[in-house]
Amino acid sequence: MMSSIPMGHGLILAGILFALGLAGLLMRRNLVFILISIEIMLNGAGVAFVAAGSRWSQPDGQIVFLFILATAAAEVSIALALLVRFYHQHSTLDADAASGMRG
Amino acid sequence: MTSLMEAAFYVAAVVAIVSTMLAITRLVAVHALLYLIVSLLAVAVDFYTMGAPLVAALEVIVYAGAIVVLFVFVVMMLNLGAQARDRERQWLSGKIWIGAAILSAILLAEVIYLIVRAGNVGSISGVVGPKQVAIALYGPYLIGVELVSMLLLGALVGASHLGRPAPKKTEAR
């Protein structure tokens, strides 16, 4: 299973995935899509770590990916609980609906 | 064999990019989630071809298995209909997305330029198996494992706190 992919290509893939996630984060107003975009961005960062770890044949890149995975799981569970709460209060998923404080 | 793995990397990379593009532009949340699953599976193939089999398996099990299923359950709970799709079409129409796309494209172009300008920085050719990862994870990174367990406990407590039935509206408001 010896392959020789140039490391730059792995990093470019990570950059493209991150940029797509960023574009989605900026262009969507629906909270579900915003969370999906954040997942894409975290995944892109993980690709960069795994590529760098495999470049030097060290396990550290994969370990950082495991930490990213745990962070993403924690983030998504909290964010989805907040989203359900938000939807019950505002009956919409528009992120702009949360821009005002009801003091 | 070598060229086959390289070809698998590039094909999976193209699949990942295309399915991610489709995922961020869909109008219905479930369609976006299905494209997200395709993207994550393609990235898992990329991990395998980059010599990280453990992470490839975890990508399928945790990302495509657990996290996306969480999304699907929430989307099912919210029960969005055709009305939500029409509103989504209205939100995405016109030049709303062009600014975001141009800014992201500029940043991506800069990143790619810097990576290409660095020239040849070696190739990904080693395979790091699960055994090496496990030895390092429970050796020098043990404190990280403990911190992650606390983070997940915090997420559990937070999600269960936020997921309670909504309190009764008080008349004072």
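Bear in mind these aren't lab numbers, they're just calculated from the coordinates by the rules spelled out. Please read all numbers here as calculations on a predicted model, not as lab measurements. Counting neighbours? That spans all protein chains shown, and the Cβs are built from the backbone with ideal geometry, glycine included.
For a distance above 24 Å, tell me the whole-number percent of Cα pairs in chain A that qualify.
For chain A, the fraction of Cα-Cα distances above 24 Å is 38 percent.
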### Summary
The simple spin-label model distance between B:Ile135 and B:Leu4, using points 7 Å out along Cα→Cβ, in nm, is 2.9 nm
### Task
Could you tell me, in Å, what Rg and Dmax come out for the Cα atoms of region B:99-151?
18.7, 47
### Task
Quick one: angle between helix A:7-27 and the longest Cα principal axis of chain A, in degrees between 0 and 90, rounded to 10, please.
10 degrees
### Task
Kindly put B:Met150, B:Met21, A:Met41, B:Met77 in sequence by how many other C-beta atoms sit within 10 Å of each C-beta, fewest to most.
B:Met150, B:Met77, B:Met21, A:Met41
## Note on the structure
Quick calc, B:Ile17 & B:Asn79: beta-carbon distance into FRET formula, R0 35 Å, rounding 0.05, result 0.65
### Task
Name the long-range amide H neighbours of A:Ile5: under 5 Å, sequence gap of 5 or more, or other chain; modelled H, no Pro or chain starts.
B:Ile124
#### Entry: A:Thr92-B:Leu153 pseudo-label distance in nm [points 7 Å out on the Cα-to-Cβ vector]
4.1 nm
### Summary
Between the Cα axis of helix B:68-78 and the main Cα principal axis of chain B, the angle (0 to 90°, nearest 10) is 10 degrees
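Tell me, B:Thr20, A:Thr71, B:Thr49 in order of fewest to most beta-carbon neighbours within 10 Å?
On the way: B:Thr20 29, A:Thr71 15, B:Thr49 26.
Final ranking by Cβ density, sparse to dense: A:Thr71, B:Thr49, B:Thr20.
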## Note on the structure
For region B:55-173, one quarter of the surface area of the C-alpha convex hull, expressed in nm², comes to 14.6 nm²
### Query
Taking the Cα-to-Cβ direction at B:Arg117 and at B:Ala57 and moving 7 Å from each Cα, how far apart do the two end points lie in nm?
4.2 nm
### Between helix B:82-92 and chain B: long-axis angle, C-alpha atoms, 0 to 90°, nearest 10
60 degrees
### Alpha-carbon gyration tensor eigenvalues x 5, square-rooted, for the protein assembly as shown, Å
35, 24, 15
### Task
Could you point to the residue in B:Ile37, A:Leu25, B:Ile124 farthest towards the positive end of the protein assembly as shown's charge dipole, with +1 and -1 charges on the Cβ of Lys/Arg and Asp/Glu respectively?
A:Leu25
### Message
Output wanted: per-residue J couplings in Hz (rounded whole) for region A:55-66, from phi through Karplus 6.51 cos²θ - 1.76 cosθ + 1.60, θ = phi - 60°, x for Gly and Pro.
### Response
4, 9, 6, 10, x, 4, x, 5, 5, 5, 4, 4
